[in-house]
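See below for the structure under consideration.
The values are calculated or read from the model by the stated rules, or taken from the named source; none is laboratory data. What you are looking at is a predicted structure, and each value in this text was computed from that prediction instead of being measured. For neighbour counting, all protein chains shown are included, and Cβ atoms are generated from backbone atoms with ideal geometry for every residue, glycine included.
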Amino acid sequence: MFHISDCKKYTKCPHYFVKEMNADKEAFQPYVRLDEEITVIAAQKLGIRECFRGQRGDAPERAMEALEKEEWLVKARFSYKDLRIKVPFLHRNGNRWDIYFLFVGLFPHADDLQFYCDTVWVLENLGIRLENYYIMHLNAQYVRGKEIDPEALFTISSCFYNHKNHPTLPVKETILDKMEDLTELLEQMKATERKTLSAPVRTSRCTIRQKCKYYEACFPEELKMPANSVLTLISSQYKYAMNSEGKKFLKDTDIQRLEGFRQQYSQIMADRQGGLFVDRMALRSWLSNVRYPIAFLDFEWERFAIPPYEGMRPYDVLPFEYSLHVLHEDGTITQEVYLSIHDDRKDMAEHLIRDIPEEGTIIAYNAEGAEKIRLQELAETFPEYREKLLHMCDRLEDLQIPFMTGTVYNTAMKGQWSLKCIMGFLDEKGYRDLDIRQGMEAVFQWRHLDHSEDDQDLEKIVRDLKEYCQMDSYAMIVVYQWLEKLAQMHPFEEENEKIL
Ligand code: SF4
């Protein structure tokens, strides 16, 4: 028996589908926190009192029987030709049914219709005639009071939204227009389960948006590629072609097939010069903006689909931790870390104001996309601290700029410029011995703080979270000091720095 998610996986890539079918089913950790029973709140919005409620593992006949006598069916399980679906809400409308899809986001767009189309395909084939089609989604304007207000939390729409989040295409007509017969797809999926697939072929689907989680398993040879491989060329659509033509290294790149990005230039120059490229003038110019005392700031945060605290909107962010290292002109370093379990944003803002020096530069990695936004959110939530928090925003500098702009490239970066990647060759030990090594791991662990009753467990999580966040702000000092050294270095001295 398949689910719609299996169809999506197969449509993405048969190899992906097979690997997922055979994978250990570890507990799924959503990237966005959803503590509430969202179907229960949505049912309140729809005014449902009496209903048939489907259960995990239900025989499909159960829902079919419920169609005979119930007004509302909630989470009913149906199946047709080995495809099993779960329908959020069905409401009787004469001898037909109205369907309510549940979208746990702000604006359902019509760019991924498979879930809707496949659901309707199953229902239609079972002879369940649908009249009206609706999508319930979270209301972007909703601001939580003391309690959740189901009426205001959700919006019921009969249209999808466009990229400007304006309602456009009608749900019913769009689904019926795009719906396809799944018979052949399901046959192919069944056959694929039984046979051995030919070797995977790399296509854009392997790296589009983000690298497929099975990339290394499918293409293990890339793990062994040298640091200056042409395959590390950033944003290049021809790198695989060049590699297969024998142009194996960055320095061999066919200049005619470059897109012309500055990072590509610095990568090629780094390889030609033995491993390191520095645009010293540009680097000095960037560093000239930085003033002592230099505060290195890193936030950790959680995003909630349903606002858990008063004054929050759907998908608002709750910062729960920051780490701060301050580098003073005399070379001394001070350090602070702040960690909260619940909503302590006001206290956090007060600590930030106390901990961050009133003058000097504040450095963050991806400052524009993260720390600046967090400071602006705090400023908006606590107008009494607005001026001080916005003054911090004005003093922010983004440490990833020298790497994003191709000002500095070391082939050891292998086409990446994350803080962890750069720290990886500057200070190998860095993140290696930590129990938490990634931002999302920190979030997953933080979620336990609320629930675990084991004191030792809690102590360990708190310690791990602090160590991880502190490493992020410390790593920024290491990278910053390396950049300073590169900027001051005479070109001939670079020889010693090339391969780190
Ligand atoms: S890496 Fe590419 S070929 Fe391999 S499973 Fe992912 S999408 Fe499919």
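Pairing residues of segment 441-458 that are assigned to a loop (DSSP other than H, G, I, E, B) with residues that are at pLDDT 75 or above and surrounded by 14 or more Cβ atoms within 10 Å (Cβ to Cβ), at Cβ distances under 7 Å and at least 6 apart in sequence or on separate chains, gives Ser452/Leu458.
Where helices (runs of 4 or more DSSP H) fall wholly inside segment 1-61, the ranges with 2 or more residues that are over 18 Å from Leu138 (Cβ atoms) and touching a Lys or Arg at 6+ places or on another chain (Cβ under 8 Å) are 14-22. Strands (runs of 3 or more DSSP E) fully within segment 133-182 that include at least 2 residues being assigned by TED's automatic domain parsing to the domain that holds Asp112 and more than 21 Å from Leu123 (Cβ to Cβ): 154-157, 167-170.
Is it the case that Ala76 is in the same structural domain as Cys159 (by TED's automatic domain parsing), surrounded by 19 or more Cβ atoms within 10 Å (Cβ to Cβ) and in contact with a Leu (Cβ under 6 Å, 6 or more places away or on another chain)? Taking the combined requirement at face value, the residue does not satisfy it.
Per the listing Ser266, Ser323, the residue uniquely hydroxyl-bearing (Ser, Thr, Tyr), crowded, with 17+ Cβ neighbours inside 10 Å, within 24 Å of the chain's Cα centre (by Cα) and over 30 Å from Gly145 (Cβ atoms) is Ser323. I need the full set of residues from segment 334-389 which are among the aliphatic types (A, V, I, L, M), farther than 25 Å from Val479 by Cβ and assigned to a loop (DSSP other than H, G, I, E, B), in order please. Within segment 334-389, Ile341 is the sole residue that qualifies.
The condition of being within 20 Å of Arg56 (Cβ to Cβ) and modelled with pLDDT under 95 holds for only one of Asp112, Asp82, Asp118, that being Asp82. Scanning segment 135-171 for residues that are hydroxyl-bearing (Ser, Thr, Tyr) and under 14 Å from Pro314 (Cβ atoms) returns Tyr142, Thr155.
Is it the case that segment 106-124 has a residue that's under 21 Å from Pro307 (Cα atoms), in contact (Cβ under 8 Å) with a residue 40 or more places away in the chain, in a strand (DSSP E or B) and not small (Gly, Ala, Ser)? Within segment 106-124 (the criterion being under 21 Å from Pro307 (Cα atoms), in contact (Cβ under 8 Å) with a residue 40 or more places away in the chain, in a strand (DSSP E or B) and not small (Gly, Ala, Ser)), the answer is no, since none of the residues qualifies. Inspection of segment 246-253 identifies no residue that is crowded, with 17+ Cβ neighbours inside 10 Å, touching a residue at least 24 places away in the same chain (Cβ under 8 Å) and out of contact with any Asp or Glu (no Cβ under 6 Å at 6 or more places or on another chain).
Residue-by-condition table, conditions (1) among the hydroxyl-bearing types (Ser, Thr, Tyr); (2) surrounded by fewer than 17 Cβ atoms within 10 Å (Cβ to Cβ); (3) farther than 30 Å from Gln438 by Cα; (4) more than 16 Å from the ligand (Cβ to nearest atom):
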site	(1), (2), (3), (4)
Val18	no, no, no, no
Ala66	no, no, yes, yes
Lys69	no, yes, yes, yes
Pro108	no, no, no, yes
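Scan segment 194-246 for residues that are within 9 Å of the ligand (Cβ to nearest atom), assigned to a helix (DSSP H, G or I) and under 18 Å from Asn22 (Cβ atoms) and the total you get is 4. Is it the case that some residue within segment 164-179 is closer than 18 Å to Cys13 by Cβ and either within 16 Å of the ligand (Cβ to nearest atom) or surrounded by 13 or more Cβ atoms within 10 Å (Cβ to Cβ) (or both)? Looking for residues that are closer than 18 Å to Cys13 by Cβ and either within 16 Å of the ligand (Cβ to nearest atom) or surrounded by 13 or more Cβ atoms within 10 Å (Cβ to Cβ) (or both), one finds none in segment 164-179, hence no.
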